[in-house]
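Values in this text are rule-based calculations from the coordinates and carry no lab data. As the structure is a computational prediction, the values presented were derived from the model and not from experiment. In this analysis, Cβ positions are derived from the backbone assuming ideal geometry, glycine residues included, and neighbour counts consider all displayed protein chains.
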Amino acid sequence: MVLVAMEQHFPRDERIVNDDLALPMLPFGYRIQVWLLGPFTKWIIKKTEQKVPGLWGSIMSRKCYIDDRVVEDVGEVETLVNLGAGFDTRPFRLPALAEVPVWEIDQPRNIKAKAARIEKLFKSIPKNLTLVPIDFDREDLGAVLAAHGYSREKRTFFIWEGVTQYVSEGGVRATMEFLGEAPAGSKLVLTYTPKDFIDGENLYGQQYLYQQMLTRNRTWLFGLDPDRVEGFLGGYGWRIVEHLGYDELVHQYVKPTSRDLGPMAIERIVSAEKA
């Protein structure tokens, strides 16, 4: 969301993502970073692309893609659950969600910080938004959501954006077990990192990111083989609608801005429907 906030320094017709709430929704320390670095956004993008080619355009494009899927499909569901929502602003900036019950789930410290920002900006948390603290690796998702008023009998649009690689395989499978109980007609958009990158078998030109996320701290834990994603999701009752690489997303969302940003191959995105 820091990158999305910095993206707003471009003229509106050159932005990939338009999100005027990205900056004010961030905690104070991150807002300071954006204020200080904002005037140098183009230079920062250039340097970022040298270290992590495709990062900027890919993150912006996945935001746009998920927005489009939400707007297109939300009329077919009854609720929305954002798994690992961070400081996402969709419930506030997408009119399609104005009357839709939304549950946003994340680590307790993120939920606490976001609640403080929402109350500062809007005086209170909207009635259709429920903020849910959770540890995906240690707590039962279904039980935690139920304790916050969510009914698993409702057709739901699930967002799982930029999260799966940070969760253990056990945590991912536990979440998929929960998603597997969703009613037919529910929707899911998730991103994932290829397993061969996690295993160090193919670095896709991302040596710096591999060193940062897998060598130094082992921050990333889980990946999927793109050829087995259909079977993986199908095992939990989900049918793939679209399975895309970020080259396709960047072509769709970055090319119209005439900005020279490429894709990265270490993340893919899937749109699925519950059978």
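Side notes on the structure shown:
- Of the residues ARG216, ARG117, ARG15, the one that moves most in a GNM of the chain with alpha-carbon contacts below 10 Å is ARG216.
- Taking 0.36 nm per residue of separation and subtracting the current Cα-Cα distance, fully stretching the chain between GLU242 and GLU78 would add 56.9 nm.
- Taking 0.36 nm per residue of separation and subtracting the current Cα-Cα distance, fully stretching the chain between ALA98 and ILE32 would add 20.8 nm.
- Total formal charge among the other residues, if their Cβ is under 15 angstrom from that of PRO11, Lys/Arg +1 and Asp/Glu -1: -1
- The relative contact order of the chain comes to 20 percent, based on Cα pairs under 8 Å that sit 6 or more residues apart.
- Theoretical ellipticity at 222 nm over the chain - DSSP helices of four or more residues, -39500 (n - 2.57) apiece, nearest 500: -11000 deg cm²/dmol
- Considering only Cα atoms, the convex hull volume of the range 2-274 works out to 127 Å³ per residue.
- For the range 139-192, the Cα gyration tensor yields ellipsoid semi-axes of 18, 14, 9 Å (square root of five times each eigenvalue, largest first, whole Å).
- Dipole in debye (nearest 20) - the range 2-274, about Cα centre, beta carbon charges: Lys, Arg +1; Asp, Glu -1: 1040
- Applying 0.36 nm per residue to the separation of ALA146 and LYS51 and subtracting their alpha-carbon distance, the gain on full extension is 30.0 nm.
- For the range 184-275, taking Cα atoms only, Rg and Dmax work out to 15.0, 42 Å respectively.
- Two-decimal Rg to Rh for the range 27-129 - Kirkwood Rh, Cα set: 1.01
- Here the range 45-202 is treated as an ellipsoid with the same Cα gyration tensor; its semi-axes, largest first and in whole Å, are 25, 20, 17.
- Within a Gaussian network of the chain (alpha carbon springs, distance under 10 Å), most fluctuating of ALA116, ALA146, ALA22: ALA146
- Between VAL70, VAL254, VAL229, the residue with the greatest mean-square fluctuation in the GNM of the chain (Cα pairs under 10 Å linked by springs) is VAL229.
- The loop-placed GluC sites (Glu not before Pro) in the range 167-275, going by DSSP, that have at most 10 neighbouring Cβ atoms within 10 Å of their Cβ come out as GLU201.
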